[in-house]
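Rule-based calculations on the coordinates, nothing more; no lab input. Computed from a predicted structure; not experimentally measured. Every residue, glycine as well, gets a Cβ built from its backbone with ideal geometry; the counts of neighbours run over all protein chains shown.
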Amino acid sequence: MRYTQLFGKTVKNVSSDLESRNAELLTKAGFVDQLTAGVYTYLPLGLRVLNRIKDIVREEMDAIGGQEILMPALTPKEPWKISGRWDDPGREVMFQFEGHGDKEYALGWTHEEIVTPLVKKFVKSYKDLPVMVYQIQDKFRNEARAKAGLLRGREFSMKDLYSFHRDEAGLVAYYEKTKQAYFNVFKRCGLDAFIVRASGGTFSKYSDEYQVLTDSGEDTIFYCSACRYAENKEVAEMKGGDKCPKCKDGTIIEARAIEVGNIFMNKTKYTDAFDFKYIDETGKPQPVMMGCYGIGPSRVMGTIAEIYNDANGLKWPASIAPCDLHLIEIKSKDEKVREQATALYGALMQTGLEVLYDDREDKGAGEKFADADLIGIPKRIVISEKTLKDESVEIKDRATGETKMVKLVDLGKELEHYFGGCGCGEEHQH
Ligand code: ATP
Ligand code: MG
């Protein structure tokens, strides 16, 4: 991608109502644009990051047997009335409105009421279970405060997985599988998530949250420094400075954190509400056991931006970065620089790596370097009259700040060392 052709450039002065670090950085770097509080447009670079996060989520959900579907975001009132959530707690967070002929609707803020009757249509007998379906879709919530950038949107991306089982053992076994898949997602996104006991479980009293430590987080958690056992302050039976009640060894630390995922065993709460039963081996109707599992890809993106940055800008982990390489050409009177830069850009793209090529002719080195730091692509390659004198380019690592000169003839090998083969992260030939 050529920077001159990229839609959505870095922004010098951002509005002061961007009260959070992630919104400020992502706006300055040209990744998002705020339409109104809690509502964002994703510009090309930002959309790349969001899509890479969604792809990781997708892979991990597919790996545990999830099948992707897409349910409507426009939902009629009736199913919400059946579960009771039209009035409470729905009224607070749901965007409810009237359509033609007094028909009432809400924008999807979660989908238990939609997915349960859907799956009921297809499941009759024990042979039809289990069913695991998920979607990645924008959710809408009338959040009271939406001042934390992507961390708290009024429209935001959610992956919601729903599982349906013959019995509690089946549900518990699958719930354990999703726990691991969730850790995989966060790890692959560069986040060190704690699994935290939280409120909000319907039947089991507790649910499990995935929390990432960050000062900008809206939650407070207590965690053990040794075994990582953790509780949300809302339900905590421990406090900072205590000995860990689980491992009896570590000390409990109090910290701010952001909830990036939340999983629940709803058991029969929604299946009962929609009278969803299956016929067992003996011909008897049995209740269907249900689990619900959410991750917020846009909140994950905001969390990564909160954690991976410095005074100069963003520092994306390679797995979700908008591009692999930021190629900077330093303008020169010598036409050879442009020729070589263009050739290098072409050659890099041939390897399958994603490259942002700063080909601006009206900007000096200082501004290009500053923009590269702000955008935060993991590796920067500089090509200039000076580096070419030595038949080299300079490579800089955004995370460590380390620079080194690499001969053009050795560049392929060097990049293979960073990215492995074609750079797509898989072991195969393209
Ligand atoms: P919170 O307590 O932060 O309001 P929640 O418990 O209401 O979140 P869930 O209903 O569990 O959220 O939603 C599943 C996931 O969706 C959350 O773990 C989070 O990653 C994401 N999410 C929820 N609300 C928002 C929001 N307003 N903006 C961005 N992501 C959100
Ligand atoms: Mg939650």
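A simple rule links phi to the HN-Hα coupling: the Karplus curve 6.51 cos²θ - 1.76 cosθ + 1.60 with θ = phi - 60°, which for the stretch 141-152 gives 9, 7, 5, 5, 10, 10, 10, 10, x, 6, 5, 9 Hz, with x for Gly and Pro.
Take the chain and mark each of the chymotrypsin sites (Phe, Trp or Tyr not before Pro) that is in a DSSP loop with at most 15 other Cβ atoms within 10 Å; the longest unmarked stretch, sites excluded, is 204-430. Backbone amide hydrogens, once placed in the peptide plane, bring G261 within less than 5 Å of Y210, excluding anything fewer than 5 places away on its chain. Between I279 and K205, the distance separating the two model label sites (each 7 Å from Cα on the Cα→Cβ line) works out to 3.9 nm.
Amide H contacts of V32: T27, L43, each under 5 Å away and 5 or more positions distant or on a separate chain (H built 1.01 Å from N in the peptide plane; Pro and chain starts excluded).
Each residue of the stretch 264-277 was assigned a 3J(HN,Hα) from its phi angle through the Karplus curve 6.51 cos²θ - 1.76 cosθ + 1.60 (θ = phi - 60°); the sequence is 9, 9, 7, 6, 9, 3, 8, 5, 5, 4, 9, 6, 9, 10 Hz, with glycine and proline shown as x. Straight-line reach from K233: taking Cα to Cα under 17 Å and skipping same-chain neighbours fewer than 8 places apart, the lysines in range are K205, K243, K246.
Rounded to the nearest whole angstrom, the semi-axes of the ellipsoid equivalent to the chain, taken from the Cα gyration tensor as √(5λ), stand at 45, 24, 23, largest first.
Between E237 and K336, the distance separating the two model label sites (each 7 Å from Cα on the Cα→Cβ line) works out to 7.4 nm. Does the stretch 323-419 come out rounded, prolate or oblate by the C-alpha gyration tensor, with a ≥ b ≥ c the root eigenvalues, rounded set by a/c under 1.5 and, if not, prolate when a/b is larger than b/c and oblate if not? Taking the square roots of the gyration eigenvalues as a ≥ b ≥ c, the stretch 323-419 is rounded.
Taking the fewest neighbouring Cβ atoms within 10 Å as the starting point, the ordered list for H100, H326 is H100, H326. In this structure, the amide hydrogen of K267, modeled 1.01 Å from its nitrogen in the peptide plane, lies closer than 5 angstrom to those of M290, counting only residues at least 5 positions away or on a different chain.
Here the residues R58, R145, R398, ranked from fewest to most Cβ neighbours within 10 Å of their Cβ, fall in the order R145, R58, R398. Once both labels are positioned 7 Å from their Cα atoms along Cα-to-Cβ, the gap between F95 and S83 label points is 1.9 nm. For the stretch 87-100, 3J(HN,Hα) computed residue by residue from phi via the Karplus equation (6.51, -1.76, 1.60; θ = phi - 60°) reads 9, 8, x, x, 4, 5, 9, 7, 7, 10, 7, 9, x, 5 Hz, glycine and proline entered as x. When L314, L150, L70 are sorted by how many other C-beta atoms sit within 10 angstrom of their C-beta, beginning with the fewest, the order is L70, L314, L150. Using C-alpha pairs under 8 Å with a sequence gap of at least 6, the mean separation divided by the residue count of the chain gives a relative contact order of 15 percent. Could you tell me how far the Cα centroid of the stretch 114-138 sits from the Cα centroid of the stretch 24-40, in Å? Their Cα centres are 36 Å away from one another.
Note on K12 and D128: with the Förster distance fixed at 56 Å, the Cβ-Cβ geometry gives a FRET efficiency of about 0.45. Applying the criteria of a DSSP loop state and at most 16 other Cβ atoms within 10 Å to the trypsin sites (Lys or Arg not before Pro) of the stretch 96-137 yields K103, K124.
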